[in-house]
1. Which whole-Hz ³J(HN,Hα) couplings does region 66-77 yield from phi under the Karplus relation 6.51 cos²θ - 1.76 cosθ + 1.60, θ = phi - 60°, glycine and proline marked x?
2. Would region 2-101 count as rounded, prolate or oblate if I go by the C-alpha gyration tensor, calling it rounded below 1.5 in a/c and otherwise prolate when a/b exceeds b/c, oblate otherwise?
3. In whole Hz and in residue order, list the ³J(HN,Hα) couplings for region 11-28 that follow from phi through the Karplus curve 6.51 cos²θ - 1.76 cosθ + 1.60, θ = phi - 60°; x for Gly and Pro.
4. Using +1 at the C-beta of Lys and Arg and -1 at the C-beta of Asp and Glu, which of A27, T95, S79 has the Cα lying farthest in the positive direction of the dipole of region 2-101?
5. Label-point separation (nm) for E94 and A30, each offset 7 Å from Cα along Cα-to-Cβ?
6. About its Cα centre, how strong a charge dipole does the chain have in debye, to the nearest 20, once Lys and Arg get +1 and Asp and Glu get -1 at the Cβ?
7. Under a 5 Å amide H to amide H cut-off, with H placed in plane at 1.01 Å, what residues pair with L81 once short-range neighbours are removed?
8. Using a 7 Å offset from Cα along Cα-Cβ at S47, what residues in region 1-23 end up with backbone N under 17 Å from the label point?
Amino acid sequence: MITGMYGMFAGAAQAFALVRRDGLDPAAFAGLLGPWLTAMAGLVQESGGTPDDEGSSLAMQVASTAVLLRTAEEQRVSSELLTPYYALMARALETGRPADKLLLTEE
């Protein structure tokens, strides 16, 4: 459970850094981010640990990473929290590994 929490906080840290670079109020953004993360947490529970590839496919997520990385670069925000996960997603897509086995190193 702790690793899930760290993943959530890493994403939140990235989002807050982007908000700060845009000169927006982090507290106001927190009021938007908190409920959105709560909604996403509900999807985690509903999935039962098996990602649903219909609504947000691995291919779509990999395709969108370029935009997120470019945004971070343009805003002068480190992408070091994101790039390892993006690399895993890209490798899974290239090898045909199912999203629910993304981090497994052995079959």
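1. Running phi through 6.51 cos²θ - 1.76 cosθ + 1.60 with θ = phi - 60° gives 4, 5, 5, 5, 5, 4, 4, 4, 4, 8, 6, 10 Hz.
2. Working: a/c = 2.19, a/b = 1.33, b/c = 1.64.
In terms of gyration-tensor shape, oblate.
3. In residue order, the calculated couplings are x, 5, 4, 4, 4, 5, 4, 5, 4, 4, 4, 7, x, 8, 6, x, 5, 5 Hz.
4. S79
5. About 4.0 nm separates the two model spin labels.
6. Working: 7 positive and 13 negative charges, 74 e Å.
Magnitude of the dipole: close to 360 debye.
7. The answer is none.
8. Residues 1-12 qualify, since their backbone N sits under 17 Å from the label point.
We did not get these values from a lab; they are worked out from the coordinates using the rules stated. Just so it is clear, the structure is predicted and the values come from calculations on it, not from any experiment. Heads up, the Cβs are rebuilt from the backbone with ideal geometry, glycines too, and the neighbour counts pull from every protein chain shown.
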